[in-house]
Amino acid sequence: MDESKLIKRIKTGDMDAFSQLVSAYEKKAINYAYRMLNDASDAEDAAQEAFLKVFDKIDTFREKSTFSTWFYTVLNNVCLDILRKRSRTADTVSINQTSSDDDEYELQLEDNSPGPYEQLQKNEAQRLLQEAIAQLSDEHRTIIIMRDINGFEYEEIAKITGVSLGTVKSRLSRARLALRSILKENRELFT
Amino acid sequence: MAKSDCKNIINLIPLYIDNMLSEEETDIVGQHLETCEHCKNEYKFMASLTKETKKLDEIEVSSDFHKNLMAKAEQKSRTKKARKFILLRRAGAGVCAAAVIALCVVTYNGLNNQQESTNPDEYISPTSGVSQNPVKLTNEAPSTQSDVSAPKAQPKPIETPQEAPQTPTETPEAPSGGGSSAVCVEEACPSAISLDDTVSTYTVATVTANDDNREVIEQTLSKYEKDETGYKVDDINALLRQLAEMGATVETRTDSTVTQNYIILE
């Protein structure tokens with residue numbers, strides 16, 4: 001798929017071209033949002049909002065960066081907006097975290113965790129990892145998702161998040177150390 | 001091996017995994033891992049976490065996601081096209097109006113300067129034989145699509161330029177009552193939503209919600225910072241369109257006493 005050609009067609013109002021672009025991005029976009037928001041329904045809403053925003057502003061896209069960078073910038077901002085609005089409720093997993101000392105992280109599982117039979121059906125390591133990622137700060141979670149799930153290069157992460165390469169490195173470093181801290185009691189599942 | 005060494009090494013492991021350390025740091029970490037079992041285990045643990053994160057199961061896209069998204073995009077596209085059409089028609093009508101006014105002015109001036117004429121199409125006063133308010137008559141049909149009535153071939157004083165006939169723009173309708181998301185052309189409905197994306201001055205918009213849409217409108221606005229004036233919004237036009245689509249009534253005004261765009265919810 002030649003993205004550049006698709007975008008030119010979308011600018012002329014070609015809805016079929018937009019549909020093709022959506023098809024190419026929708027699964028990754030929804031999964032990105034899912035990892036950020038930890039809710040499938042919210043993830044689809046966020047992805048939809050991001051797609052409609054880029055559609056609305058497609059005429060302003062000058063291809064100075066790749067479409068992927070632009071799209072994920074929009075999607076990331078949509079997710080962060082949703083997170084800012086969300087208030088933490090009592091029944092979410094609580095965590096004591098600071099951004100300066102990652103050793104303070106500890107994982108507390110909520111009371112309505114899956115029963116024993118359900119646990120047997122799931123990959124325990126994956127489940128714990130997903131929960132741990134959900135407990136990271138927004139900043140740490142963003143960078144883990146971008147780097148370790150979506151596979152973005154450091155430079156692209158810098159463009160999407162609007163920070164320097166040095167900041168990307170230090171944030172990723174702290175994010176991975178934070179995950180280590182959260183999951184240290186269950187390390188036997190990962191080694 | 002000093003504990004502080006291990007702590008430093010562990011802090012470098014995340015970037016070591018990605019080969020993002022300097023050459024010197026890479027060598028230091030590599031050599032340390034060869035001799036320190038504790039740090040080697042930490043490296044294996046963090047590398048495994050990174051690997052497992054890449055393998056996390058993906059969720060599937062729901063069956064109606066694409067369809068719903070395309071429907072909304074189609075709607076946006078239609079709105080965009082309608083907006084362009086209205087603006088083009090207004091521009092066209094504006095050109096017609098200007099042409100008609102110019103024609104009237106030229107004709108009026110021409111007739112004022114004219115003395116006696118033998119042109120049989122001209123009106124000549126039956127009393128004096130001298131044309132009074134001579135009218136340059138024409139048999140040409142109006143060249144524009146306007147409703148302008150060309151001067152007819154009968155004794156009739158030309159209208160003054162100030163009384164130029166109305167141009168046939170679509171008659172703008174005033175916004176209807178509460179709960180309407182009526183959209184009008186700009187100058188005729190100064191209180192309506194501006195369709196133009198460009199906001200050149202600070203806008204204060206009063207948004208009126210009803211019982212049906214208040215909750216969703218409040219939720220939409222809650223993400224914006226609020227002060228004693230109202231909600232501070234940068235891209236106000238996009239948000240006003242969104243609120244109008246939700247069924248809110250929107251009235252806007254420009255305000256030179258504020259330092260940014262505001263939305264006031266009533």
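The values are calculated or read from the model by the stated rules, or taken from the named source; none is laboratory data. Remember, it's a predicted structure, so these values are computed and weren't measured experimentally. Quick reminder, even Gly has a Cβ in these numbers, built from the backbone with ideal geometry, and neighbours come from all protein chains shown.
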Please tell me if B:T26 is within 17 Å of A:L172 (Cβ to Cβ), within 7 Å of another protein chain (Cβ to nearest Cβ), part of a helix (DSSP H, G or I) and among the β-branched types (V, I, T).
-> no
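Pick from B:S48, B:S62: which is within 14 Å of chain A (Cβ to nearest Cβ) and outside any helix (DSSP H, G or I)? Quick ask: steps written out before the conclusion?
Details: B:S48 fails: outside any helix (DSSP H, G or I).
The conditions single out B:S62.
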Residues in the stretch A:157-166 that are buried (at least 17 other Cβ atoms within 10 Å of the Cβ) and either assigned by TED's automatic domain parsing to the domain that holds A:F71 or out of contact with any helix residue (DSSP H, G or I) (no Cβ under 6 Å at 6 or more places or on another chain) (or both) total 1
List the number of the failed condition for A:G13; all other conditions in (1) facing chain B (nearest Cβ under 9 Å); (2) surrounded by 15 or more Cβ atoms within 10 Å (Cβ to Cβ) hold.
-> (2)
Within the stretch A:27-48, which residues are within 11 Å of chain B (Cβ to nearest Cβ) and surrounded by 20 or more Cβ atoms within 10 Å (Cβ to Cβ)?
-> A:A29, A:I30, A:N31, A:Y32, A:A33, A:Y34, A:R35, A:A43, A:E44, A:A47, A:Q48
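Return the residues of the stretch B:65-85 that are at the interface with chain A (Cβ under 9 Å from one of its Cβ atoms) and either in a loop (DSSP other than H, G, I, E, B) or over 20 Å from the mean Cα position of the chain (by Cα) (or both); say none if nothing qualifies.
Correct list: B:F65, B:H66, B:N68, B:L69, B:M70.
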What number of residues within the stretch A:138-176 satisfy the criterion of being closer than 19 Å to A:I30 by Cα, within 13 Å of chain B (Cβ to nearest Cβ), of a type in the set (V, I, T) and in contact (Cβ under 8 Å) with a residue 24 or more places away in the chain?
-> 4
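Criterion first (part of a helix (DSSP H, G or I), among the charged types (D, E, K, R) and crowded, with 18+ Cβ neighbours inside 10 Å) does A:R176 satisfy it? Give the derivation first.
Numbers: part of a helix (DSSP H, G or I): yes; among the charged types (D, E, K, R): yes; crowded, with 18+ Cβ neighbours inside 10 Å: yes.
Taking the combined requirement at face value, the residue satisfies it.
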For the stretch B:39-56, pairs from a residue that is under 12 Å from A:L129 (Cβ atoms) to a residue that is of a type in the set (D, E) and surrounded by 20 or more Cβ atoms within 10 Å (Cβ to Cβ), with Cβ under 8 Å and 6 or more apart or across chains, are B:T50/A:D148; B:T53/A:D148; B:K54/A:D148
